[in-house]
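Read the structure below first, then the notes.
The values are calculated or read from the model by the stated rules, or taken from the named source; none is laboratory data. Source: prediction; values computed, not measured. Glycine also receives a Cβ, built like all others from the backbone with ideal geometry; neighbour counts cover every protein chain displayed. Side chains are part of the model used for accessible areas, which takes the heavy atoms of the whole protein and leaves out ligands, DNA and RNA. Shrake-Rupley method; radii C 1.70, N 1.55, O 1.52, S 1.80 Å.
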Amino acid sequence: MSLVAALSGALGAANVLTEGDLSAWERDWRRRWHGKALAVVRPGTTAEVAAVVRLCAAAGVAIVPQGGNTGLVGGGVPDASGTQVLLSLQRMNRVRKLDEANLTLTAEAGCVLQTVQEAAAACGLLFPLSLAAEGSCTVGGNLATNAGGTQVLRWGNARDLCLGLEVVTAQAQVWDGLSGLRKDNTGYDLRDLFVGSEGTLGIITAATLKLAPQPAATTTAWAACATLADCVALLNLARRRLGAGLTGFEAMGRFSLDLVARHFPQLPRLLPETPWTVLLEQSDTDGESAARSRFESLLGAALEAGAVTDAVVAESLAQSKAMWHLREAIPLAQAEEGLNIKHDISLPVSAIPAFVEQTDAALHRRYPGVRLVNFGHLGDGNLHYNVQAPPGEDGRRFLSDEEHAVNTIVFDAVATFGGSFSAEHGIGLLKRDELAARKSPVALQMMRSVKAALDPQGLFNPGRML
Ligand code: FAD
Ligand code: ZN
């Protein structure tokens, strides 16, 4: 019997797709990679995932796991060979359990992030992971990529919000590690091995996630800074004054907001043009007015110290949303402007002003007129430092001809300043060669040993990451 027939027998023919338009699964969100799957399979239970793994392992056929297909590094789509099975977890989308007293929620891997947030909110609880793709990305994908987003400063990334996992291994066994324990020192931390493994070690089928009480009030402010060093000074002031109440700190270079104004002219400009803009968010168990007055006194002190030149505090939830909307419109405006060379980098916060000054200068010397779309989660030391072709130049040509040279300039500088060339999006295909070239040989050898031990047949996501 052919593999496709056997898979149809296990899952039902309706859940094994080989014909028609499969581009929703075969093409990535950025449309950089377009593969061809042997079949798209859609198991509905953990046992069915194990059955798919068993059949594929017996046939020696590779499996590419996929959640919401919003990943940005090409890790979740099949290659062009037509020999890989695309395993979509989208049908495994249930919240299995919410334990209010333990502050945990257990969800299947294909559960959309926003569904988890809403299930928690319905009980007055918060699942803090938040990113612009939350309406379609999944818990499994968030954990497989160890996603970050806009609340990392306070709550950590996906790894910090995960207490337990259920995983189907390459031997088609089910590991039930769905613990809701905060403390469990019983040997190697297998959970942390799978978090961030980008589908190369096992298939996550469910997770137990950490919740917190919903804050009583969330306040947002928009501040203008003359320099990036001033943004860092504001961050440190905010940390000292707001403590754990500081839940978001996003910085945006002028050109990123210019692009938003150009492509989304209906959105408001909240302050006159300024070299840098910061979005600050404060969440608190205190009421609204206490939070607002703390915010106002922080911004007053920042104005006095010269770190900020102008600022507004949102008066309402609608205004707060408008601020976030502007920030989240940057990647969309950038896509409207044309292809660009993206970098998702992290650095010690203290090194960021000097890194940006030197790297901007090096890029301008090499590519006169080049445009830098620089924005990101400054509170986490994470910049989306994207390089757009000079005006009038074809973005596609710039990407295909210059990507390697631009990456070398940026990543060499990142290394000099003690940073990382992948902060939150992962490795996938996009940065696989960078990983091989830049990660220490000792670390690479340990990573390869782990892969060989857990997936000796190279069944899961071959050619990605390693
Ligand atoms: P997919 O894209 O389907 O898969 C991603 C990777 O995980 C692939 O390698 C895949 O093989 C693997 N995988 C998926 N599910 C499983 C599973 N169940 N078991 C094992 N492996 C699996 N990322 C951030 O960190 N911070 C951001 O702020 C952020 N913003 C974004 C904004 C937009 C508009 C978009 C499109 C993406 C953004 N991302 C961001 C990228 C990000 O990685 C994801 O959106 C998300 O974490 C991926 O989830 P997904 O379900 O779409 O995974
Ligand atoms: Zn980001």
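Things worth noting here:
- For segment 386-466, the equivalent ellipsoid built from the Cα gyration tensor has semi-axes of 30, 16, 9 Å, listed from largest to smallest.
- Only DSSP H runs of four or more residues enter the estimate; each adds -39500 (n - 2.57), and after division by the residues of the chain the mean residue ellipticity at 222 nm equals -11500 deg cm²/dmol.
- Taking label positions 7 Å along the Cα-Cβ direction at both Phe264 and Ala58, the computed distance is 5.1 nm, reported to one decimal.
- Rolling a 1.4 Å probe across all protein chains gives His377 an accessible area of roughly 10 Å².
- Average projection, convex hull of the Cα set of segment 135-276: 12.1 square nanometres.
- Span-like helix ranges in the chain, DSSP H, alpha carbon extent 18 angstrom or more, Kyte mean at least -1.0: 46-59, 228-242, 288-305, 317-337, 352-366, 395-416, 441-454
- Sorted from longest to shortest, the spans of the Cα atoms of segment 179-247 along the three principal axes equal 47, 30, 22 Å.
- Accessible surface of the chain, 1.4 Å probe, proportion on carbon and sulfur as whole %: 53 percent
- Mean Cα-pair separation over length for segment 170-286, i.e. relative contact order, pairs under 8 Å, 6 or more apart, %: 35 percent
- Once the 1.4 Å probe is applied to the protein heavy atoms, the chain comes out at 42 Å² accessible per residue.
- The alpha-carbon positions of segment 202-299 define a convex hull whose volume is 184 Å³ per residue.
- Taking 0.36 nm per residue of separation and subtracting the Cα-Cα distance, full extension of the segment from Ser81 to Ser179 would add 31.4 nm.
- Other-chain or far-sequence residues with amide H under 5 Å of Gly248's (modelled H): Glu281
- Long-range Cα-Cα pairs in the chain (distance over 32 Å), rounded percent: 42 percent
- Linear extension gain, Glu393 paired with Ala122, 0.36 nm per residue minus alpha-carbon span: 92.6 nm
- Coarse-grained scattering of segment 257-367 at q = 0.10, 0.11, 0.19 Å⁻¹, given as base-10 log I(q)/I(0) from a Debye sum over alpha-carbon atoms: -0.42, -0.51, -1.28
- Solvent-accessible ranking of Tyr367, Tyr385, Tyr188, largest area first, probe 1.4 Å: Tyr188, Tyr367, Tyr385
- The shape of segment 279-428 can be summarised by an equivalent ellipsoid whose semi-axes, obtained from the alpha carbon gyration tensor, come to 33, 18, 15 Å from longest to shortest.
- Segment Glu328-Ser136, length gained on full extension (0.36 nm per residue, minus Cα span): 67.6 nm
- As an equivalent ellipsoid, segment 167-211 spans semi-axes of 18, 12, 11 angstrom, where each value is the square root of five times an eigenvalue of the C-alpha gyration tensor, largest first.
- Taking trypsin sites (Lys or Arg not before Pro) as exposed when DSSP calls them loop and at most 10 other C-beta atoms lie within 10 angstrom, the chain has its longest site-free stretch at 184-466.
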